[in-house]
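S.K.: Input: one structure, supplied below.
The values are calculated or read from the model by the stated rules, or taken from the named source; none is laboratory data. Given the structure is predicted, the values throughout are model-derived calculations rather than measurements. Virtual Cβ from ideal backbone geometry, glycine too; neighbours counted across all protein chains shown. Just the protein is used for accessible areas: all its heavy atoms, side chains included, with ligands, DNA and RNA removed. Shrake-Rupley method; radii C 1.70, N 1.55, O 1.52, S 1.80 Å.
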Amino acid sequence: MQTIVNDISTYKVLKRDPTNRLQDKNNELVEKLFSNKIIDVKEKNALLCKTANPPRIYGLPKIHKEENPLTPICSSVNSPSYNLCKYVVKILKKVTMSSVYNVQDAIEFKNKIKDTYVYDDESLVSFDVVSLFPSILVDLALEIIASKWEDMKEYTYMSKELFLTVVKFCIKENRYFKYNNKIYEQRSGMPMGSPSSPVIADIIMEELLKKFEQESVNKPRLLTKYVDDLFAIVKTEDTNDMLTILNGLSKSIKFTIEVEKEGKLPFLDTLVIRRNNEITIDWYKKPTASGRLVNFNSKQERRIIVNIANNFVRRVLSISDRIYHNKNIFNIKKTLEDNDFPGKLIKNLIQNYYVRPNEEKKNDDSNKKIYKTATYVCPRVIRENQMFQSI
C-alpha cells in the first residue's frame, strides 16, 4: 500500500487535513439548498455533517494474479460530502434508467442475449476499461452531466448552476484520503469510494458507447455493458478496428479486449458458449474461487444459513441453461457438502428450485386467501374518548 500511495503521478501528500474546511463547505451548500426550499428540515438534518472523518484507504489482494497485487479501496463513510453525494446520486440515477446498453446482473444479461444467433464470420468479444474511476477526467464528467440537464431538471428544484456546483464539490474537491497518519490527495479522476463515482462513470460509459456506434462503420450486432465491462458480437475482421475506435474516444480512458476461445467467453458470472452458431449460457466459476460459503455449523441463525444456500442454488441454476444443470447440480452438491451442509437439505433445496415455479403459478388463483393486518384499539380508550366528547 505504501508503494501505491507513493506514486507521485497519482497521489500527493497534503500538508493539512482539509476535512474541517470541506465539512464547513458541505454545510454551506446544504443551508443553501434549505434556504431555497429545495430540501425540507428532515433532509437538511440528514445532509448536514458535524463529525466528519477523512476517507480511509486500504488494499485488497488480487489472488488470481501473479504476486497478488493490491487493488486500492477507499471508504468514504462519514467523510464530509458522503451524504450530500448520496443525495445527488438519486438525481443522477434517473438518467441511467433509460440506458439502452445496461444490464443489472447476470440473469438480465442471459435474458438479453438468449436465442441469439452467431454467424460463422462473427466473434464473441468483451472489452474492459483499465482503471475506470482514475481514468475519468472531472471536466469531462461535468461537461457530459451539463449536457444532460434537460433530462435531469424534472427530478430536482435546483438550478443548473447550483446542481453542477454540488456535483463538482462531490467529485473534485473531495478526492483525498488518509493512510498511515498522512493525508493524500488524488491528482485526477473520479474520487475512489465516493457514492457519486459509480453512477457518473455509468453516465460517461453510456455516452462513449453512443459515440462509438456513431463512429463505427461496421457496428456490433449486439452490444451491452455492466459498469465498465462490455460484451459484443462483432465481425471477426473488425475486432481490432473496434478496439482502436474505443481507445480513441477519450485520451484518458483505455480499453482491453478478450476474444472467445474455443467458442467460450466468460462475462460476469456466466460463460457464454457458442453451440452450432447458437448461444447458450453456463454458470462461470473463476479458477481462483474458493467455494466457501457460510458453514452449516456456524453460529448464525439457521434461517440465514439456509437462505444463503438456497440463493446459491437458485443463482447457479437460474444463470445456466437446462443442458448444463446436471453438471452444475454436481458442483452445487460438492460446494455445499464442503461447507458441511447435510445431504437431505441439499436435495430439498435443489428440488424446491424446480417445484417452486409450479407452486407460484398455482398460488395465482384469484380465490386465494388474502391476509391483512388490522389496527387494534383498546375498548377502554374508545369509552374515554366518548366520555370526553360528551363533556
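S.K.: Go ahead and run the numbers for FRET between LEU345 and LYS264, Cβ-Cβ distance against an R0 of 35 Å, rounding to 0.05. It would help to have the intermediate numbers written out before the result.
M.R.: Working: r = 33 Å, r/R0 = 0.93.
Calculated transfer efficiency: 0.60.
S.K.: Can I ask one more? Under the rule of -39500 (n - 2.57) per DSSP H run of 4 or more residues, summed and divided by the residues of the chain, what mean residue ellipticity at 222 nm is obtained, to the nearest 500 deg cm²/dmol? List each step's numbers first, then the result.
M.R.: Numbers: 15 runs with 174 residues, N = 391.
It comes out at -13500 deg cm²/dmol, rounded to the nearest 500.
S.K.: With springs only between Cα atoms under 10 Å, which of LYS235, LYS110, LYS286 fluctuates most in a Gaussian network model of the chain?
M.R.: LYS286
S.K.: So, R0 is 25 Å and r is the distance between the beta-carbons of ASP24 and ASN78; what FRET efficiency does that work out to, to 0.05?
M.R.: Values: r = 16 Å, r/R0 = 0.63.
That pair, ASP24 with ASN78, gives E of 0.95.
S.K.: Straight-line reach only, C-alpha to C-alpha below 18 angstrom: list the aspartates and glutamates that LYS148 could link to, leaving out same-chain residues fewer than 8 apart.
M.R.: Within the straight-line limit of under 18 Å, LYS148 reaches these aspartates and glutamates: ASP139, GLU161, ASP202, GLU206, GLU207.
S.K.: Separate question: Give the Debye-formula value of log10 I(q)/I(0) at each listed q (0.13 Å⁻¹), with one equal scatterer per alpha carbon of segment 151-264, two decimals each.
M.R.: Ignoring solvent entirely, the Cα scatterers give -0.70.
S.K.: Next up: Binned at 20 Å from 0, what are the whole-percent values of the Cα-Cα distance distribution for the chain, short to long?
M.R.: 21, 45, 30, 4, 0
S.K.: Further question on the same structure: If you stretched the chain out fully between TYR354 and GLU67, how much longer would it get, using 0.36 nm times the residue separation minus the C-alpha to C-alpha distance? Each step should come with its number before you reach the end.
M.R.: Numbers: separation 287, 0.36 × 287 = 103.32 nm, distance 4.32 nm.
Separation in residues times 0.36 nm, less the Cα-Cα distance, equals 99.0 nm.
S.K.: Across segment 246-317, what fraction of all alpha-carbon pairs, as a whole percent, falls in each successive 10 Å bin from zero upward?
M.R.: Percent of Cα pairs in each bin: 15, 29, 26, 19, 10, 1.
S.K.: Beyond 24 Å between alpha-carbons counts as too far, so tell me which of LYS225/LYS254; LYS42/LYS178; LYS286/LYS333; LYS12/LYS94; LYS50/LYS160 fall in that bin. Each step should come with its number before you reach the end.
M.R.: Working: LYS225/LYS254 16 Å; LYS42/LYS178 31 Å; LYS286/LYS333 18 Å; LYS12/LYS94 35 Å; LYS50/LYS160 27 Å.
Listed pairs above 24 Å: LYS42/LYS178; LYS12/LYS94; LYS50/LYS160.
S.K.: Calculate, in nm to one decimal, what LEU249 and SER298 gain on full extension: separation in residues at 0.36 nm each, minus their alpha carbon distance.
M.R.: Numbers: separation 49, 0.36 × 49 = 17.64 nm, distance 5.06 nm.
Once the chain is fully extended between LEU249 and SER298, it gains 12.6 nm.
S.K.: Ignoring ligands, DNA and RNA, please state the percent of accessible area on the chain from carbon and sulfur, probe 1.4 Å. Write out the running numbers ahead of the final one.
M.R.: Details: 11590 of 23740 Å².
The C+S portion of the solvent-accessible surface of the chain is 49 percent.
S.K.: Need one number for segment 12-144: average projected area of the convex hull over its C-alpha atoms, nm².
M.R.: Numbers: hull surface 55.5 nm².
If I average the Cα hull's projected area over directions, I get 13.9 nm².
S.K.: Between SER318 and LYS168, what's the calculated FRET efficiency when r is the beta-carbon distance and R0 is 45 Å? Round to 0.05. Please list the in-between numbers first.
M.R.: Values: r = 42 Å, r/R0 = 0.93.
So the FRET efficiency works out to roughly 0.60.
S.K.: Taking 0.36 nm per residue of separation and subtracting the Cα-Cα distance, what length does fully extending SER35 through ASP7 add? Intermediate results must be reported in sequence, preceding the final value.
M.R.: On the way: separation 28, 0.36 × 28 = 10.08 nm, distance 4.28 nm.
Full-extension gain reported as 5.8 nm.
S.K.: Take the alpha carbon atoms of segment 85-101, find their center, do the same for segment 158-210, and report the distance between the two centers in whole angstrom.
M.R.: What the calculation gives is 14 Å, centre to centre.
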